[in-house]
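Data first, discussion second: the structure below is written as structure tokens.
The values are calculated or read from the model by the stated rules, or taken from the named source; none is laboratory data. Computed from a predicted structure; not experimentally measured. Neighbour counts run over all protein chains shown; Cβ positions are idealised from the backbone, glycine included.
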């Protein structure tokens, strides 16, 4: 099971607790029983039960009465789909991603940063599929993925400090970066080079080359990657995809400007509050 954000911000009250429970249920990636949730929940038994009941009544969770298991509900799925359509890069990037996958003949990912972690918002698999962790909608670590490091490398100042502080630095493979100093050194190299690699840092045998997607103002809005396996490709092979990745990232960036993808910098320049 992947790590989930279950912390409740001070002052978030019942809503924060309910969101934490949703994160907890989703984190199991399968229908889950109450006792399993109770083992990992920070809330008392009665509080957890009450939150589960409310979320189920609202359709955000679904309870299987026979198996007595909880799973994300249809209402939550509708909300997730609306968020994907309205707030993610995926709809804008869709045609560019399809062309990239067809030309690269390898698996292509599209990701955004979410509280210092990687949120995969789209994935295109060619005729030779690769079994790996990432799927659209999954959250992964930033410190050991190509797309994660590509985005971190182009953050500025406090934004970078916050993102680095949020990394778990969990060692997934012998190649995983496990401390902030080493990560910052790698990010400096990525910024100079313009693209990032995953050198079997998250999963054994899985490698990738990744490119940040930047707005016209240089703000990080996402990242792209071309991913393969060491049995088929080398990092040198994947690096040949850099011009194609750069071209695709530029096309997506241009389209986000036309789509008016949210840019906090633009709002501040106009004296408006961020949306």
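Some observations on this one:
- Test for residue 90: is it farther than 16 Å from residue 22 by Cβ, modelled with pLDDT of 75 or more and surrounded by 14 or more Cβ atoms within 10 Å (Cβ to Cβ): yes
- Test: residue in region 162-173 that is surrounded by fewer than 22 Cβ atoms within 10 Å (Cβ to Cβ), part of a loop (DSSP other than H, G, I, E, B), in contact with a helix residue (DSSP H, G or I) (Cβ under 8 Å, 6 or more places away or on another chain) and touching a residue at least 24 places away in the same chain (Cβ under 8 Å): yes
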